[in-house]
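In what follows, a single structure is set out as structure tokens and then discussed.
The values are calculated or read from the model by the stated rules, or taken from the named source; none is laboratory data. In this text, all values refer to a predicted model and were calculated from it rather than measured experimentally. Here Cβ is always computed from backbone atoms with ideal geometry, including for glycine, and neighbour counts include all displayed protein chains. When the accessible area is computed, the model is the full protein with side chains, heavy atoms only, and any ligands, DNA or RNA have been set aside. Shrake-Rupley method; radii C 1.70, N 1.55, O 1.52, S 1.80 Å.
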Amino acid sequence: MLRLVRRVLNSSIFPARSTRRRRTALDEHAQELIARMINKGMGAKEIWTELMDIHDISVSIANLQIMATKQRRTAQNQRRRLPRQRKGILV
């Protein structure tokens, strides 16, 4: 192992770095479907099960959790930005 490290460090040409394979992104139809399920209040595992069993769409539960969190935060932030009304007067 030590020889390999020395050989690489002394070499003027470094070996190519391996890159992670990118997964295909969800198409627009799948994203809209997931957004509707999140809006219905479904959890990540429920969404994942329905996508796999009914729609034949493969996505990780972790990605669904991330999407749900982002969508819910966005909805909360939009509600906060709306002006509050008190007896017909904007506050």
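Enumerate the pairs (first residue in the stretch 46-62 and open to solvent by less than 60 Å² (accessible area, probe 1.4 Å); second residue anywhere and in a loop (DSSP other than H, G, I, E, B)) with beta-carbon separation below 8 Å, excluding pairs fewer than 6 apart on the same chain, so at least 6 apart or on different chains.
Cβ pairs passing all conditions: E50/M42; L51/I57; L51/S58; L51/V59; I57/L26; V59/L26.
Inspect the stretch 68-91 for any residue being in contact with a helix residue (DSSP H, G or I) (Cβ under 6 Å, 6 or more places away or on another chain) and either assigned to a helix (DSSP H, G or I) or at pLDDT below 90 (or both) and give the result as yes or no.
So the first thing to find is which residues in the stretch 68-91 are in contact with a helix residue (DSSP H, G or I) (Cβ under 6 Å, 6 or more places away or on another chain), and the list is 68, 71.
With the extra rule that they be either assigned to a helix (DSSP H, G or I) or at pLDDT below 90 (or both), the set shrinks to 68, 71.
The answer is yes; a qualifying residue exists.
I need every pair where a residue in the stretch 63-79 that is closer than 18 Å to K40 by Cβ and open to solvent by 80 Å² or more (accessible area, probe 1.4 Å) has its Cβ under 7 Å from the Cβ of a residue that is of a type outside the set (D, E, K, R) and in a helix (DSSP H, G or I), sequence separation at least 6 or different chains.
Qualifying pairs under 7 Å: Q65/A44.
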